[in-house]
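Trainee: Got a structure for you, questions after.
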Amino acid sequence: GVGLRLGSRFGLNALLELPLTQRDNGRALHLGGSVLLLKSGQDELSLDATLSHGDGRYMRTYFGVSAQQSQKSGYAAFTPRAGFHKAELTLGWNHRIDDRWGLTVMGGVSRLLDDAAASPLARRIAADAGLELARLSGTGPHGRIIRADVEEALASGASGASVQPAALSRSISAAVSA
């Protein structure tokens, strides 16, 4: 990866995932930016944003269903398109306790995009029922819409117009840095 500081408050970064052994897994590019919102004494507050893009092989590996998988599972083959697949936003607070100790607290949201946003099975069930996926909340990894989400919406009597807007997945972590 590479990074570039733009003054004391802004930064840009790019990370390219190139598999060394499993080359069929494809490549991904993660583009990010950060801004230092507040710096006061021992405290810093920063905001980071990342947008991730996968090539066709990457998307098939992590979000698709291959012909071989389809044959074994009975699920339909699914070939997602290359493109941006995840957006993340993170707010971080760093507090310097002394020269050797500090406290870091981070909270963020991430959202899968486009073909990565819903599993192929969830897509099929929703399409058959006339349910609009864009209005569902996903409970899978990073907010991915999975079969259980669609089935729950249908069981509650939801139609495409009555489902609540999709929620972002949330992650909060705290770490003590030495």
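Trainee: Per residue, what accessible area does the range 88-153 have, given a 1.4 Å probe and all protein chains present, in Å²?
Mentor: Values: 3540 Å² over 66 residues.
Ligands and nucleic acids excluded, the figure is 54 Å² per residue.
Trainee: Hey, another quick one. Which one, Gly157, Ala77, Trp93, is farthest towards the positive end of the dipole of the chain when Lys and Arg carry +1 and Asp and Glu -1 on their Cβ?
Mentor: Ala77
Trainee: Under the rule a/c < 1.5 gives rounded, and otherwise a/b versus b/c splits prolate from oblate, where does the range 35-151 land using the Cα gyration tensor?
Mentor: Working: a/c = 3.21, a/b = 2.50, b/c = 1.29.
Since a/c reaches 1.5 and a/b is larger than b/c, the shape of the range 35-151 is classed as prolate.
Trainee: Over the chain, what is the relative contact order in percent, taking alpha-carbon pairs closer than 8 angstrom and at least six residues apart? Numbers along the way, then the final one.
Mentor: On the way: 390 pairs, mean separation 28.0, N = 178.
Relative CO of the chain lands at 16 percent.
Trainee: So, in nm, how far is label Arg96 from label Leu45 when the simple model puts each one 7 Å beyond its Cα toward the Cβ?
Mentor: Calculated label separation equals 1.9 nm.
Trainee: Hey, got the dipole for the chain? About the Cα centre, +1 on K and R Cβ, -1 on D and E Cβ, debye to the nearest 20?
Mentor: With only Lys, Arg, Asp and Glu charged at Cβ, the dipole is about 340 debye.
Trainee: Continuing with the same structure: By how many degrees, 0 to 90 and rounded to 10, does the Cα axis of helix 120-129 deviate from the longest principal axis of the chain?
Mentor: Roughly 50 degrees between the two axes.
Trainee: Sort the following peptides by mean Cβ neighbour count (other Cβ atoms within 10 Å, averaged over residues), highest first: 28-41, 80-93.
Mentor: So the peptides 28-41, 80-93, ranked by packing, come out 80-93, 28-41.
The values are calculated or read from the model by the stated rules, or taken from the named source; none is laboratory data. Treat the numbers as computed from the prediction; the structure is a model and nothing was measured. Cβ: placed from backbone, ideal geometry, glycine included. Neighbour counts: every protein chain shown. To get the accessible areas, we keep the full protein, side chains included, count just its heavy atoms, and leave off ligands, DNA and RNA. Shrake-Rupley method; radii C 1.70, N 1.55, O 1.52, S 1.80 Å.
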